[in-house]
Amino acid sequence: MESAATPAEHRAGQKSWIDYIQKDLPAHLDWWPYTLGAIPLTLFGLLVATGLMLTFYYVPSPEKAYESVEQITHEVYLGWFVRGLHKFSVDLMILFLLFHVIRVFVTRAYRPPGEWKWVSGSLVLFLAFAMGFTGYSLVYDNVSYWGMTVVTSMLGSLPVVGTPLLYLLRGGEEVSGGTLLRLYDLHTKLLPVLLAGLVIGHVLVVRLSGFAEVPGSRGFHPFYPEHALTMGAIAVGLLVLLVDLVMIFPPTLGPPANPQEVATDVSPPWYFSAPYMWITLLPGPVALWSLLAGAGIFAAYPFVDRVLSERGWPMALVNGVVGTAVVLAVAALMILDTRM
Amino acid sequence: MAIIHDDLGRRRFLSQAVMAFGLLFGMGTLALRFAQFLVPSPKAKRYEAVLIGAESRVPLGEGVSMDLGGHKIVVLRTDEGVAAFSRRCTDLGCLVSWNRDRQQFLCPCHQGVFDKTGRNIAGPPPRPLDRFEVVKRGDQLYVNIQSG
């Protein structure tokens, strides 16, 4: 499938980098579900900014971590607001990443030449989850302490790589101050750099490989100012929404970590609650392997689609059914989690 | 008769292959050392018997939780005698608690259940609770633990 030459390409025989930014977009991108990727991008910027601010007060040691979060929440001027923005931005970022994934999946926008858009995007999603886990551990209240224990144990139960990985994450056999420091380094240094690189890569791949053809979509509109303005309006609206959310639901803090007693409710943040229920309901190895297999199939989905459609499968229908089934299953697991 | 072309091409290929192998081996070793830097070496383990007190300190049918040198254990006295279990759930490392009414160990994280002999009877735990050896000297109870 060849992407049609856009008017901008017709105008200029030679392309400079500005043409890539200015590259015109197919008209169907006007419809709002096709702008869902710009929302997590905006939120990622906000997360970097508020995250940087939080590091000025946060101390990654078991004695000081909880205390410093408490100081940020209750003493520092507007500390609660910055922490609240950071928290809600993560929630909304992951929510809109999921919407974005669903939209791409249902419209099969990963079809050639878009395979690498999907693969790089799925890595962005996995890294966003890793950021969610490490960030949530840093709060060091009792729920986050035991969440940290459970997740590292789960990774440690993988065959072959499990034990070294467990030692690598925990910095020893047990969850300790070293674990907190390692998760802090991952959350504030290694993962953000990786994530930023992947996000840039993802956006570049999207810009360079163009968009899959959508039946009925004719004509193009320029990236600037039309599309850029839409995205800008969304970003401003998002900021208003976020400020409201933080004002209405200011961030809270549970009781401090207690290595002697498990928190009564160890439910993770909402975006982990479905896999959490999954590992509760199924025997350990089965649950873990099915999650890993699911992640693998997810990342390689464009190639699965290609193989199946070559054998005559009606992939548009298959995707509709699979997408609905997965969304319903995740919703059911989440509801089950709130009831247990 | 076949002519053997022992020419420059093959010689170059072999020498490059040997060099590439050597280079990869060296880089691999270096990478392995860096990985070792990140993974701390385990401490040597010693065993010692820790006094936990008189047998009468543990009431019948009651589980007493304690922390012995970093090991979170629960000492349980039943009709069969005194047993010491690790509180670490064999599923994902949360701490189990003794439930007196149900006469079972319960893990709050993923609803794992162990009976009074430490056997995993419900939920995701894959194996029974770890046990520590309990030694009785006179009226005093000792638990053999690893200390690091």
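The values are calculated or read from the model by the stated rules, or taken from the named source; none is laboratory data. Because the structure is a prediction, the values reported are computed rather than measured. With ideal geometry, Cβ positions are generated from the backbone for all residues, glycine too; neighbour counts draw on all protein chains shown. These accessible areas exclude ligands, DNA and RNA; they are computed on the full protein's heavy atoms, side chains included. Shrake-Rupley method; radii C 1.70, N 1.55, O 1.52, S 1.80 Å.
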Which of the residues spanning segment B:78-120 are in a strand (DSSP E or B), touching a Ser or Thr at 6+ places or on another chain (Cβ under 7 Å) and free of Cβ contacts under 8 Å to residues at least 12 places away in the same chain?
B:L106
Check on A:T134, farther than 21 Å from A:A293 by Cβ, polar (S, T, N, Q) and touching a residue at least 60 places away in the same chain (Cβ under 8 Å)
no
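Looking for something in contact with a helix residue (DSSP H, G or I) (Cβ under 7 Å, 6 or more places away or on another chain) and among the β-branched types (V, I, T) - is there at least one such residue anywhere in segment B:72-90?
yes
From B:S86, B:S65, which residue is in contact with a Phe, Trp or Tyr (Cβ under 8 Å, 6 or more places away or on another chain), within 14 Å of another protein chain (Cβ to nearest Cβ), of a type outside the set (V, I, T) and open to solvent by 30 Å² or more (accessible area, probe 1.4 Å)? Explain how you work it out, then say what you get.
Working: B:S86 fails: open to solvent by 30 Å² or more (accessible area, probe 1.4 Å).
The unique qualifying residue is B:S65.
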For segment A:137-158, does any single residue satisfy the condition of being in contact with an Asp or Glu (Cβ under 9 Å, 6 or more places away or on another chain), over 25 Å from A:L198 (Cβ atoms) and surrounded by fewer than 16 Cβ atoms within 10 Å (Cβ to Cβ)?
no
Hey, B:D91 under 16 Å from the mean Cα position of the chain (by Cα), farther than 21 Å from B:E48 by Cβ and at pLDDT below 85 or not:
yes
Against the conditions (1) touching a His at 6+ places or on another chain (Cβ under 8 Å); (2) under 18 Å from A:M154 (Cα atoms); (3) modelled with pLDDT of 85 or more, where does B:F132 fall short? Just the number, please.
(2)
Can you tell me which condition A:V307 does not meet? The list is (1) among the β-branched types (V, I, T); (2) out of contact with any Asp or Glu (no Cβ under 9 Å at 6 or more places or on another chain); (3) part of a helix (DSSP H, G or I); (4) surrounded by 13 or more Cβ atoms within 10 Å (Cβ to Cβ), and all the others hold.
(4)
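Does A:T163 meet the test of being closer than 18 Å to B:P42 by Cα, within 13 Å of another protein chain (Cβ to nearest Cβ) and crowded, with 19+ Cβ neighbours inside 10 Å? Give the derivation first.
On the way: closer than 18 Å to B:P42 by Cα: yes; within 13 Å of another protein chain (Cβ to nearest Cβ): yes; crowded, with 19+ Cβ neighbours inside 10 Å: no.
In short, no.
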State whether the residues of segment A:100-118 include one that is open to solvent by 20 Å² or more (accessible area, probe 1.4 Å) and either at positive phi or within 14 Å of chain B (Cβ to nearest Cβ) (or both).
yes
What are the residues in segment B:107-144 that are surrounded by 17 or more Cβ atoms within 10 Å (Cβ to Cβ) and within 14 Å of another protein chain (Cβ to nearest Cβ), if any?
B:C107, B:P108, B:C109, B:H110, B:G112, B:V113, B:N120, B:G123, B:P124, B:P125
Pairs only if they're at least six apart or on different chains, beta carbon under 8 angstrom, first in segment B:35-64 and of a type in the set (S, T, N, Q), second open to solvent by 40 Å² or more (accessible area, probe 1.4 Å); list them, first residue then second.
B:S56/B:D139
Checked against (1) open to solvent by less than 20 Å² (accessible area, probe 1.4 Å); (2) closer than 25 Å to B:D139 by Cβ; (3) among the β-branched types (V, I, T), B:V96 satisfies every condition except (2)
